[in-house]
Amino acid sequence: KLLEKKLMQMRKLESLGSLARVLAGEFTNILTTIMGFSSLLKISAQCDPVINEYIDSIQTSARIASRLVSQLMAFSRSLTILREPVDFRFIVSEIIEQIRHMHPRVHIMTDLPSFIPPIIGDRSQLKLVIKNLCDNAIEAMDRAGELRIKLNRVTINSNSSYIGDGKEIVKGDFLKCTISDNGRGMDSMVLERIFEPFFTTKHGVKGAGLGLSIVYGITKEHGGFLDISSTPGKGTEVELYLPIMERESSDLQRKSEKRLDVDHEK
Ligand SMILES: Nc1ncnc2c1ncn2[C@@H]1O[C@H](COP(=O)(O)OP(=O)(O)O)[C@@H](O)[C@H]1O
Ligand SMILES: [Mg+2]
């Protein structure tokens, strides 16, 4: 029964994904037209301030819409992934650098090990996962507060029989990435719905409600899972688990080294 429910959910996500892809493509064309002609209009209107203001409004809305479209694209892409060895520490440091640059009032504390085995997966998608999680944390703190990012390796064995979000028992070696904030947190009503596509508590142009749907899709595709806990008024902690497959990753490593050797010989 549980499996049936999960299958249903996957199918629903898949059809949402292809719908998103089609819509995003159509909207890209429409938006290109709107942006193009409104720029032309601006030139024809010369410097009439009232008309210019109207055109600016049109262009602002078009820009917001195209941001939404790129999120839709990312959501549909989250349902197919590349497989390459990825050093997760590198992804985390890239994101941290971006945050330091964009949000000087966010204090970032990190706990990164000197070595962690590579994850097999899609670098740019995994980066998007971390970015979306950090964006949510930063938004929950109104762009000022403490953001903690921790990486470590955990072994989940049958004794500890960790219950993942699908309520199945998971086993093996995982990379665990913990992202916590001291923001506004959420109550159980919100917590229950956060992975739903288009679910958001943010008003206006800020949230499309796709951030965590994307995170969920990409994590599932990588064989991982998430555990989120939150206290209203205190903060939120997100634990992201991704499987470490050392054998497979050294195989891939060897293959790419071989390829390099061949290239050298040429
Ligand atoms: N770190 C967090 N702290 C508090 N609330 C959060 C956090 N992360 C997610 N949420 C809640 O989950 C909702 C859905 O998140 P998301 O899918 O990223 O969409 P969006 O950010 O566009 O609203 C948010 O609107 C917010 O209410
Ligand atoms: Mg978000």
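The values are calculated or read from the model by the stated rules, or taken from the named source; none is laboratory data. Note that this is a predicted model, so its numbers are computed, not measured. Ideal geometry is used to build each Cβ from the backbone, glycine not excepted, and the neighbour counts take in all protein chains shown. We work out accessible area using only protein heavy atoms, side chains counted, and drop any ligands, DNA or RNA first. Shrake-Rupley method; radii C 1.70, N 1.55, O 1.52, S 1.80 Å.
Overview of values
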item	result
Candidate set: region 84-126, residues that are within 16 Å of ligand 1 (Cβ to nearest atom) and touching an Asp or Glu at 6+ places or on another chain (Cβ under 7 Å); chosen: the one farthest from Asp251 (Cα to Cα)	His107
Residue that is farthest from ligand 2 (Cβ to nearest atom) [pool: residues in region 178-206 that are open to solvent by less than 60 Å² (accessible area, probe 1.4 Å) and in a helix (DSSP H, G or I)]	Leu191
Any hit, region 207-228, residues being within 11 Å of ligand 1 (Cβ to nearest atom) and open to solvent by 60 Å² or more (accessible area, probe 1.4 Å)	no
In region 134-153, the residues that are open to solvent by less than 10 Å² (accessible area, probe 1.4 Å) and within 16 Å of ligand 1 (Cβ to nearest atom)	Cys134, Ala137, Ile138, Leu147, Ile149
Residues located in region 130-152, provided they are within 10 Å of ligand 2 (Cβ to nearest atom), among the charged types (D, E, K, R) and free of Cβ contacts under 8 Å to residues at least 60 places away in the same chain	Lys131
